[in-house]
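The values are calculated or read from the model by the stated rules, or taken from the named source; none is laboratory data. This structure is a prediction, so every number in the text was calculated from the model and none was measured. Please note: Cβ atoms are built from the backbone with ideal geometry, for glycine as well, and neighbour counts cover all protein chains shown. Surface accessibility is based on the protein's heavy atoms, side chains included, excluding ligands, DNA and RNA. Shrake-Rupley method; radii C 1.70, N 1.55, O 1.52, S 1.80 Å.
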Amino acid sequence: RIAGVEAREEAAALKGSTLYVRREQEPEGLEEGELLSWQLEGLRVVCLDRDAPPDAASLAELAGEPVGLVSGVVPALELSSAGVGHDLLEVTLFPPSPDGGDAPPERLDQLPDDADTVLVPYVEEIVPAVDTDAGLVLIDPPAGLLELVQPKRRRRVTIRGLLPAAGETHAPPES
């Protein structure tokens with residue numbers, strides 16, 4: 001229930017709205033396999049090890065090459081209001097190690113500011129498993145997906161605003 005919403009008509013008026021919940025007020029009753037998008041941020045992304053034993057008992061046993069860390073989730077609704085498409089995981093890639101001996105960073109703030117990012121469709125065929133307790137996201141990317149690096153940006157900007165009503169104009173203030 002939402003505080004202050006008592007009648008069915010009041011609830012219907014909220015249809016299509018975006019509701020926000022503080023992390024400390026995490027909703028109860030999530031079903032098996034259901035996650036909140038913020039729970040994915042910071043998880044280590046690894047490729048499926050195709051040579052792993054078929055009877056592997058844990059996700060860690062299936063983990064192959066480390067890829068990067070989940071730096072964000074792009075909801076499908078931000079891409080299309082028609083309800084098509086899927087959420088995307090924004091994965092910040094680990095920089096190549098010159099000698100191959102350095103351990104990959106554990107946290108997003110340990111990655112270089114200019115690290116490459118890729119968008120991974122959050123679908124079962126590409127993301128077959130997530131284990132928040134182990135801090136792992138297992139991916140089985142199609143060939144070339146991890147080479148589709150996103151353009152660099154100085155900072156992430158999300159613009160949410162209202163357009164002027166039809167027939168109205170908005171001129172910038174004169175200086």
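Would you mind finding the one in SER80, SER97, SER37 that is over 18 Å from VAL123 (Cα atoms) and either surrounded by fewer than 18 Cβ atoms within 10 Å (Cβ to Cβ) or without any contact (Cβ under 8 Å) to a residue 12 or more places away in the chain (or both)?
SER97
With the checklist (1) open to solvent by 30 Å² or more (accessible area, probe 1.4 Å); (2) in contact with a strand residue (DSSP E or B) (Cβ under 8 Å, 6 or more places away or on another chain) in hand, flag the one item VAL120 doesn't pass.
(1)
With LEU62, LEU89 as the choices, which residue is touching a Phe, Trp or Tyr at 6+ places or on another chain (Cβ under 7 Å) and aliphatic (A, V, I, L, M)?
Selected residue: LEU89, the only one of LEU62, LEU89 that is touching a Phe, Trp or Tyr at 6+ places or on another chain (Cβ under 7 Å) and aliphatic (A, V, I, L, M).
Select the strands (runs of 3 or more DSSP E) contained entirely in segment 64-175, then report the ones holding at least 3 residues which are at pLDDT 85 or above, closer than 14 Å to VAL45 by Cβ and of a type outside the set (D, E, K, R).
Once the strands (runs of 3 or more DSSP E) in segment 64-175 are filtered for at least 3 residues that are at pLDDT 85 or above, closer than 14 Å to VAL45 by Cβ and of a type outside the set (D, E, K, R), what remains is 88-93, 117-121, 136-139.
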